[in-house]
Amino acid sequence: MSLAARHFEANGIPTVVIGCARDIVEHCGVPRFVFSDFPLGSPCGKPFEPAMLRVIGGLGLDLLARAVAPRTTVEAPYEWSPDHSWKDRVFSKDQPFLDEASTERWLQRKEAYREKKAAGTA
């Protein structure tokens with residue numbers, strides 16, 4: 001998304017990126033960025049919380065209208081949960097969302113892909 005925003009900007013189309021991976025997005029150098037400290041895939045807020053979604057979307061529109069310098073970042077005023085325990089589950093080498101059989105199938109597919117790639121057939 002960050003690279004697409006830079007391409008649009010280079011062609012005269014202003015953009016705002018609303019995202020969660022602050023280090024990655026800022027490293028790519030997007031012109032305007034609304035950062036939400038939420039799990040990946042939920043940059044605008046929790047599902048079924050329209051007030052939060054409106055505020056974060058509004059931050060993006062305000063930033064589009066008022067940013068005065070390149071690479072401007074604004075932080076959303078919300079937390080996903082007060083204790084941040086979700087980060088321990090998300091940023092883990094474990095796959096807590098997969099049962100043992102699903103994890104084994106995933107590892108087998110991953111190994112099969114590596115073999116195909118090494119053979120030049122992937």
Quiz item: Is there a residue being charged (D, E, K, R) and under 15 Å from the mean Cα position of the chain (by Cα) anywhere in segment 84-93?
Solution: yes
Exercise. For segment 14-31, indicate whether the set of residues that are open to solvent by 60 Å² or more (accessible area, probe 1.4 Å) and in a loop (DSSP other than H, G, I, E, B) is non-empty.
Key: yes
Practice problem: Return the total of residues in segment 1-46 being of a type in the set (D, E, K, R) and closer than 21 Å to LYS87 by Cβ. | Solution: 5
Quiz item: Taking segment 1-13 as the search range and keeping residues that are crowded, with 16+ Cβ neighbours inside 10 Å and small (Gly, Ala, Ser), which one is farthest from ARG66 (Cα to Cα)?
Solution: SER2
Exercise. Among the candidates ALA51, ALA67, single out the residue that is without any contact (Cβ under 8 Å) to a residue 60 or more places away in the chain, more than 14 Å from the chain's Cα centre (by Cα) and under 24 Å from ARG6 (Cα atoms).
Key: ALA67
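The values are calculated or read from the model by the stated rules, or taken from the named source; none is laboratory data. Everything numeric in this text was worked out from a predicted model, so none of it was measured. Cβ coordinates were reconstructed from backbone atoms using ideal geometry, including for glycine residues, and neighbour counts include every protein chain displayed. The accessibility values were calculated without ligands, DNA or RNA, using every heavy atom of the protein model including side chains. Shrake-Rupley method; radii C 1.70, N 1.55, O 1.52, S 1.80 Å.
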